[in-house]
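*Asks:* This is the structure I want to talk about, given as structure tokens.
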Amino acid sequence: MKYSYYPGCTLRNKAKDLDEYARASARALGFELEEIEDWQCCGGVYPLGTDEIATKLSSVRALNQAKEKGQDLVTICSACHHVIKRVNDDMKNVEDIRTRANNYMQLDEPYEGETTVLHYLEVLRDKVGFDKLKEKVVNPLTGKKIGAYYGCLLLRPGKIMAFDDPENPTIMEDFIRALGAEPVIYPYRNECCGGYISLKEKEMSQNMCQKIEDSAKGFGADMLITACPLCKYNLNKNASSELPVYYFTELLAEALGVKEEVAK
Amino acid sequence: MRNEHSAAEKIKEISGTNPLKCMKCGKCSATCPSFNEMDIKPHQFVSYVVNEDIEALVNSKSLWKCLSCFACVERCPRDVKPGKLIDAARQLVVREKGGDYLKADEIPELLDPELPQQLLVSAFRRYRR
């Protein structure tokens, strides 16, 4: 199976490992991520204003490329996923945005939200299947107690993201189980790390990240996993760092026995 | 001085939400991770827009404390979405000349070697035009 793939700015730079582990794991699982050409930064945050069109166009371009190839569009970074999925929803359901974005784009055929946007975890759950993933694990992470950190962007708004139950998600816990480890469910797993606030107001993010870490630790986690480079940065920088934070793809690559291949 | 009425209408237009639907349950403020840092709280935002008290709103430090985490948006039982109202008020400010909350000159001092690109682009998009 071949998917169009949108890596995003950070996966080409500070979060290269998030991308490389994902690609190596995809090969091991028998699917291919075909990077779309000339993708542009998603902007990091979804432009909330209903009158904002230009800031949504980079997503529309990516979505349209996937449509032309007849492929689903896969993302990994939580922020890219959030932005592209929401813009796709606008293009499908908000007539004013659809019309005005297409006026800019001047495509041969207007883009109307045809592409399916999948997060890498959704590919694992819905396309590969966690039972199949479990069969492919050669190096089960037995004995590890892992707290899934969802954060905000994958889950909310639940109606549009349609990723999982926004208040009681299970996808990352099921993923952890498939790798042979034990998921630790803790109350702060879908609370905010502070996001972009850590640029100018570090102490606010410190307050939030410490609560998240304390919550996970209190429930017995010995590490956290995330899909988001900014969550990882904030949790590493703005909490006491007693719990290591990994990208979910790193543990995936480890369990599939392909981690070394990336390290080279 | 802004025209308070037209500014309130503009906030409703940009946000696409109807503050009159609010039933004042306070769930947005109860769930907001930035509540302690805000001078005007999320549930109060709604009243400021309804009462067309926009000058106070756009000068509120709350505009720069909102994380766009969508906790209030998700948990609002009336679909009023205070986070979108806050963003619209922020837009009124950053769309005006001199309204940027983050200036490019500030960036070098804020950088550290691990800082992800995502943080800069997100902050730029929320804090300036």
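*Asks:* Can you run phi through the Karplus equation (6.51, -1.76, 1.60; θ = phi - 60°) for region A:125-140 and list ³J(HN,Hα) in whole Hz, with x for Gly and Pro?
*Replies:* Computed from phi, the couplings for region A:125-140 are 6, 9, 9, 6, x, 5, 5, 5, 4, 4, 5, 8, 6, 9, 9, x Hz.
*Asks:* Would you work out if region B:4-96 is rounded, prolate or oblate? Take a ≥ b ≥ c from the square roots of the eigenvalues of the alpha-carbon gyration tensor; rounded if a/c is under 1.5, else prolate when a/b is larger than b/c, oblate otherwise.
*Replies:* Oblate is the answer for region B:4-96, as a/c is 1.5 or above yet b/c matches or exceeds a/b.
*Asks:* Once amide H atoms are placed 1.01 Å from N in the peptide plane, what residues at a sequence separation of 5 or more from A:Ile53, or on another chain, have their amide H within under 5 Å of its amide H?
*Replies:* The answer is none.
*Asks:* Using the Kirkwood formula on the Cα atoms of the protein assembly as shown, what hydrodynamic radius do you get, in angstrom to one decimal?
*Replies:* Taking every pair of different Cα atoms in the protein assembly as shown, averaging 1/r and inverting gives 21.6 Å.
*Asks:* What ranking, highest mean first, results for peptides A:239-245, B:94-100 when packing means the other Cβ atoms within 10 Å averaged over each residue? Walk me through the numbers before you get to the answer.
*Replies:* Details: A:239-245: 15.7, B:94-100: 12.0.
Packing proxy ranking, top to bottom: A:239-245, B:94-100.
*Asks:* With +1 assigned to the C-beta of every Lys and Arg and -1 to the C-beta of every Asp and Glu, and no other charges, what is the dipole magnitude of the protein assembly as shown about the Cα centre in debye, to the nearest 20?
*Replies:* It comes to approximately 500 debye.
*Asks:* For a 21 Å ceiling on Cα separation, which of these pairs sit above it: A:Lys85/B:Lys10; A:Lys85/A:Lys134; A:Lys202/B:Lys65; A:Lys134/A:Lys217; A:Lys145/A:Lys202; A:Lys159/B:Lys27?
*Replies:* Result: A:Lys85/B:Lys10; A:Lys85/A:Lys134; A:Lys134/A:Lys217; A:Lys145/A:Lys202 exceed 21 Å.
*Asks:* What shape does region A:121-245 take by its C-alpha gyration tensor, where a ≥ b ≥ c are the square roots of the eigenvalues and a/c under 1.5 counts as rounded, a/b above b/c as prolate, and the rest as oblate?
*Replies:* oblate
*Asks:* Which value at 222 nm does chain A reach when only helices count, each DSSP H run of 4 or more adding -39,500 (n - 2.57), with the total divided by all residues and rounded to the nearest 500 deg cm²/dmol? Don't skip to the end; give the middle numbers.
*Replies:* Numbers: 11 runs with 113 residues, N = 264.
The helix contribution divided over chain A gives -12500 deg cm²/dmol.
*Asks:* Hey, another quick one. With unit charges on the beta carbon (Lys/Arg positive, Asp/Glu negative), name the residue among B:Gly16, B:Cys28, B:Leu63 whose Cα is farthest towards the positive pole of the charge dipole of region B:1-90.
*Replies:* B:Cys28
Rule-based calculations on the coordinates, nothing more; no lab input. In this text the structure is predicted, and so the values were computed from the model without any measurement. Note that each Cβ is placed from the backbone with ideal geometry, even for glycine, and that neighbours are counted across all protein chains shown.
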